[in-house]
Amino acid sequence: MSFELTILGSSSALPTSNRFPTAHLLKAGERFFLIDCGEGTQMRLKKYGLNLARIHHIFISHLHGDHVFGLFGLLSSLGMMGRKVPLHLYGPPALSDLMAQYGHFFGPLPFELACKSPTASEAFIYESDKITVTAIPLKHRTRTYGYLFREKARPLNVIKEQIEAVGLGMADVVKVKRGEDFITEDGEFIPNERLTHPPYHRRSYAYLSDTAFDPALADRIQGADLLFHEATFAEKDKKLATQTLHSTAAQAASIARMAGVKKLLIGHFSTRYKDTAQLVEEAREIFTPTVGVNDGDLYSVPLKRLKRE
Ligand SMILES: [Zn+2]
């Protein structure tokens, strides 16, 4: 099963000819999750060979134009393509107010738009049999959420030879897959580790954009495989970052280091920097596995088994 992130747009508020405003697409197995939808997102999806019709879930961080202006065009295209199945949107409460305007101005869509906002009572804003998504409140000028996508634990794989060797019946196999130990007819105790292959690592992707530097975020995303953290400014413009509730590349790297993530992706670069290498450099001084993203980049997290002691 794949766990693959495509960067559709890596700019901040102003698009350039190379960098579109923010949008990411996470492919987890057969599911596509669109994260933010800046202007031109549907063109980027086409350019990178990704099928719009396969998107059923869109997560919006906040209602600043560079994260939502692409939604209207995308919805219109989906309507023209004859979509009938519901489209699920997740984001701040104002998202449903904005979407309610669509039909008023542009006519009804032939599919249902289901909007959902995070609630205090639910741990996950989205959950399927394979993945959970947690909304993480960020510090920005309007209500903003980051999102943590994390695979659920898979059932353990039973070692085939052991089924016969210890005499596992069908019902026993189900229990062993859940992690239970086994006691043979002769009363011999067989620990689960002897009957199963090591479990798979649960892959995760954390998306934190836009936000002021907030060390508390590190606790929410501990050990993520991939972290995207906005890095709008260079260190010399730290004051501007503080004023506008954005982060510097070095601050993004501090969060990555505190959270012990495997890899940091930075983007949402201000267009004031003609060369973004400087920002990547500043981040790498604090957290070496940092990459500055570009539109069209693909980051894949391979499926690995955990090591048993
Ligand atoms: Zn932004």
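The values are calculated or read from the model by the stated rules, or taken from the named source; none is laboratory data. None of these values were measured; they are calculated from a predicted model. So basically every Cβ, Gly included, is an ideal-geometry build from the backbone, and we count neighbours across all protein chains shown. When the accessible area is computed, the model is the full protein with side chains, heavy atoms only, and any ligands, DNA or RNA have been set aside. Shrake-Rupley method; radii C 1.70, N 1.55, O 1.52, S 1.80 Å.
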Original post:
Scanning for something within 16 Å of the ligand (Cβ to nearest atom) and either in contact with an Asp or Glu (Cβ under 8 Å, 6 or more places away or on another chain) or at pLDDT below 95 (or both), does region 27-35 turn up at least one residue?
Top reply: no
Subject >> Residues that are within 11 Å of the ligand (Cβ to nearest atom), of a type outside the set (D, E, K, R) and open to solvent by less than 40 Å² (accessible area, probe 1.4 Å), drawn from region 49-70 >> reply: 61, 62, 65, 67, 68
Original post:
Filter region 1-26 for residues that are surrounded by fewer than 23 Cβ atoms within 10 Å (Cβ to Cβ) and more than 18 Å from the chain's Cα centre (by Cα); which is farthest from the ligand (Cβ to nearest atom)?
Top reply: 17
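Suppose we filter region 127-144 for residues that are outside any loop (DSSP other than H, G, I, E, B), of a type outside the set (A, V, I, L, M, F, W, C) and open to solvent by less than 20 Å² (accessible area, probe 1.4 Å); how many remain?
Of the residues in that region, 2 qualify.
So which residues in region 14-35 are without any contact (Cβ under 8 Å) to a residue 60 or more places away in the chain and part of a loop (DSSP other than H, G, I, E, B), if there are any at all?
Of region 14-35, the ones without any contact (Cβ under 8 Å) to a residue 60 or more places away in the chain are 15, 17, 21, 23, 25, 27, 30, 32, 34.
Answer for region 14-35, where residues must be without any contact (Cβ under 8 Å) to a residue 60 or more places away in the chain and part of a loop (DSSP other than H, G, I, E, B): 15, 17, 21, 30.
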**OP:** Consider only pairs whose beta carbons are under 9 Å apart and that are at least six residues apart or on different chains; among these, list those whose first residue lies in region 101-127 and is over 25 Å from residue 76 (Cα atoms) and whose second residue is of a type outside the set (A, V, I, L, M) and assigned to a loop (DSSP other than H, G, I, E, B).
**Re:** 118/91; 118/92; 125/117; 125/118; 125/119; 127/152
Original post:
What residue, of 223, 296, 260, 292, is surrounded by fewer than 17 Cβ atoms within 10 Å (Cβ to Cβ), of a type outside the set (Asp, Glu) and over 22 Å from residue 137 (Cβ atoms)?
Top reply: 296
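Check 82, 38 and return the single one that is part of a loop (DSSP other than H, G, I, E, B), in contact with a His (Cβ under 9 Å, 6 or more places away or on another chain) and not polar (S, T, N, Q).
On the way: 82 fails: in contact with a His (Cβ under 9 Å, 6 or more places away or on another chain).
Just one listed residue meets the conditions, 38.
Say we look at region 177-191 and pick out the residues that are in a loop (DSSP other than H, G, I, E, B) and open to solvent by 80 Å² or more (accessible area, probe 1.4 Å); which of these is nearest to residue 159 (Cα to Cα)?
To start, the set of residues in region 177-191 that are in a loop (DSSP other than H, G, I, E, B) comprises 178-181, 184-188, 191.
From what's left, open to solvent by 80 Å² or more (accessible area, probe 1.4 Å): 178, 185-186, 188.
Working: 178: 14, 185: 19, 186: 21, 188: 18 Å.
Checked region 177-191; the qualifying residue nearest to residue 159 (Cα to Cα) is 178.
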**OP:** State whether one or more residues within region 71-82 are within 16 Å of the ligand (Cβ to nearest atom) and either closer than 16 Å to residue 36 by Cβ or touching a Lys or Arg at 6+ places or on another chain (Cβ under 9 Å) (or both).
**Re:** yes
**OP:** Kindly check whether there is at least one residue in region 185-204 that is touching a helix residue (DSSP H, G or I) at 6+ places or on another chain (Cβ under 8 Å) and of a type in the set (Lys, Arg).
**Re:** yes
